[in-house]
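**Q** Take this structure, written in structure tokens, and hold onto it; I'll ask about it next.
The values are calculated or read from the model by the stated rules, or taken from the named source; none is laboratory data. Everything quoted here is computed from the prediction, not taken from an experiment. Here the Cβ positions follow ideal geometry from the backbone for every residue, glycine too, while neighbour counts run over all protein chains shown. Side chains included, ligands, DNA and RNA excluded: accessible areas come from the protein's heavy atoms. Shrake-Rupley method; radii C 1.70, N 1.55, O 1.52, S 1.80 Å.
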Amino acid sequence: MKAIITVVGQDQVGIVAKVANELARLEINIVDMSQTLMEHNFTMMLSAEWDDQQLSFAAAKAALEDLSQSASLTIRIQRQAVFDAIQKL
Amino acid sequence: MESRSILETIQMVAEENLDIRTITMGISLFDCIDSDGERARQKIYDKITTSAKDLVKVADQIQEEYGIPIINKRISVTPIALIAAASGDQDYVAYAVTMERAAQALGVDLIGGFSALVQKGYQSGDRKLIASIPEALAATSRVCSSVNVGSTRAGINLDAIGEMGRVIKQIAADDPINCMSLVVFANAVDDNPFMAGAFHGVGEADRVINVGISGPGVVKRALEEVRGQAIDVVSEQIKKTAFKVTRMGQFVGTIAAERLNVPFGIVDLSLAPTPNEGDSVAEILEEIGLESVGAPGTTAALALLNDAVKKGGVMACEHVGGLSGAFIPVSEDAEMIRAVSAGRLNIEKLEAMTAVCSVGLDMIAVPGKTSAATISGMIADEAAIGMINNKTTAVRVIPATDQDVGGSVEFGGLFGRAPVMAVNESQPKAFIERGGHIPAPIHSFKN
């Protein structure tokens, strides 16, 4: 399963670590990653991949939702195919 | 993939109200026809509830996984006038109630197809169905009804138009809100996923998935980037945006069809507004350069918008169908409501706009005193525009009982609020009462 994860929030120490830790715990591999600060907003985009026999999309989403609550971040996870469909011919 | 493309896609959904307006499953009911009405209705209920049993579940799954809001899950069926005709039933309200029960059991938002096709004449089921519409709409909340009264090939059935004026008045006498579930068409299409006019055409496959997209907010935002530039640039920008929006419709439809194991029909390339801020077709026209929708130039701007949406969308998907174009439902578009309330947009201008956009006089409240003949006259005008221009036109008007210009009808939710609009008070009564049939137009010497 391939997905795009986007993380937006007030900049603070350790956002990358928190997200990466959670993904490691879920055994989700980070394939690509970019991060920047827009004003004081932290934005990060991750391309992620994992074995969907081991972890369902819904379970991954629920885990990231918990993290977004506890870390006061907005975390979105969407399967990658939709981006390909819209942006590529 | 570039981060910019990812951000753009997310922004289209999160900030510009891009969504899939509807996934509609079309279901043929021809194999439910029975000489016993009771048995026919049982077959209808069973066929709808088994065919679409996973529709809502699959739509919700797609929304979760891909992060694209899917606003409505709907069903369209073969026009009931054709299905019920073989039964001896004298009125067809029970069929509408069966459709309602099936829709309720499935959790779908709306079900369309309480319909009759009378552009050339009536078969026995058509008369009974049309006579049943007021009671059917009063007895149900999810059932949508439509009647096709004219076409480019067949001409216009003036008898039916006279009758529909009376039916609309009758519905409004009970509750004006119910009028929003009835559309009177010319050149109705067989694969329309949008309500209230959706029905499953007679030439369609047994079951099919059709998708209607939305996204006026995305087009508006894209046009903000080309302010002051030539109109050709505007057209290009709309095409590019429509392409992306339509790709999403194609993508979602393909996945839904695959998961439901039903053939994928068409994407309806429409810009469908909602009363939410930033989700308005009128705002696009204003972004193009009109001080207000309704100003001289509105028809030209809308023609360009409508055409560019189609040009951009056609390449983005396998099969295009439905109504495909810009919708201009007054009550469902915040900026239209403002323009009408401020006296900058009237029915006559809306009528001109319907000659170049996807449908017709849509979600318009008229004074409660408006006569049945006047409503019939409005329908006749729209049908004539559709017949001559070879396009779909429709009328969905709401006579606001006991109200006059200045009042309004509240529909709630996505259906919004319709300010009561002034209607020309001179009467077309004698014209409508002539009845009969306006012959099909000549298809040459186009001027």
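Residues checked against (1) under 27 Å from B:T274 (Cβ atoms); (2) open to solvent by 30 Å² or more (accessible area, probe 1.4 Å); (3) modelled with pLDDT of 95 or more; (4) of a type outside the set (G, A, S):
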{"site": "B:S3", "(1), (2), (3), (4)": "no, yes, no, no"}
{"site": "B:A14", "(1), (2), (3), (4)": "yes, yes, no, no"}
{"site": "B:A40", "(1), (2), (3), (4)": "no, no, yes, no"}
{"site": "B:L55", "(1), (2), (3), (4)": "yes, no, yes, yes"}
{"site": "B:E64", "(1), (2), (3), (4)": "yes, yes, no, yes"}
{"site": "B:A84", "(1), (2), (3), (4)": "no, no, yes, no"}
{"site": "B:V93", "(1), (2), (3), (4)": "no, no, yes, yes"}
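**Q** Shifting gears a bit: If you go through region B:255-268 one residue at a time, how many are touching a residue at least 12 places away in the same chain (Cβ under 8 Å), out of contact with any strand residue (DSSP E or B) (no Cβ under 6 Å at 6 or more places or on another chain) and either more than 14 Å from chain A (Cβ to nearest Cβ) or within 20 Å of B:M195 (Cβ to Cβ) (or both)?
**A** 1
**Q** While we're here: State the number of residues belonging to region B:219-254 that are aliphatic (A, V, I, L, M) and in contact with a strand residue (DSSP E or B) (Cβ under 9 Å, 6 or more places away or on another chain).
**A** Of the residues in that region, 5 qualify.
**Q** Let me ask something else. Determine if region A:18-33 includes at least one residue that is within 14 Å of chain B (Cβ to nearest Cβ) and within 20 Å of B:A14 (Cα to Cα).
**A** no
**Q** Another question, if that's okay. Inspect all residues belonging to region A:48-71 and state whether any of them is buried (at least 16 other Cβ atoms within 10 Å of the Cβ), within 14 Å of chain B (Cβ to nearest Cβ) and basic (K, R).
**A** Looking for residues that are buried (at least 16 other Cβ atoms within 10 Å of the Cβ), within 14 Å of chain B (Cβ to nearest Cβ) and basic (K, R), one finds at least one in region A:48-71, hence yes.
**Q** Identify the single condition in (1) surrounded by 15 or more Cβ atoms within 10 Å (Cβ to Cβ); (2) in contact (Cβ under 8 Å) with a residue 12 or more places away in the chain that B:S35 does not satisfy, given that it satisfies every other one.
**A** The one condition B:S35 does not meet is (1).
**Q** Could I ask something else about it? In region A:1-27, how many residues are touching an Asp or Glu at 6+ places or on another chain (Cβ under 9 Å), closer than 21 Å to B:L7 by Cβ and hydrophobic (A, V, I, L, M, F, W, C)?
**A** 1
**Q** Hey, another quick one. Would you please list the contacts, defined by Cβ atoms under 7 Å and residues six or more apart or on different chains, that run from a residue in region A:54-82 that is at pLDDT below 95 to a residue that is exposed (fewer than 12 other Cβ atoms within 10 Å of the Cβ) and of a type in the set (D, E, K, R)?
**A** Filtered contacts from region A:54-82: A:Q54/A:E27; A:L55/A:E27.
**Q** Next question. Could you pull out every one of the helices (runs of 4 or more DSSP H) wholly within region B:1-93 that has 1 or more residues that are under 29 Å from A:S56 (Cα atoms) and within 14 Å of chain A (Cβ to nearest Cβ)?
**A** Ranges flagged: B:3-14, B:55-66.
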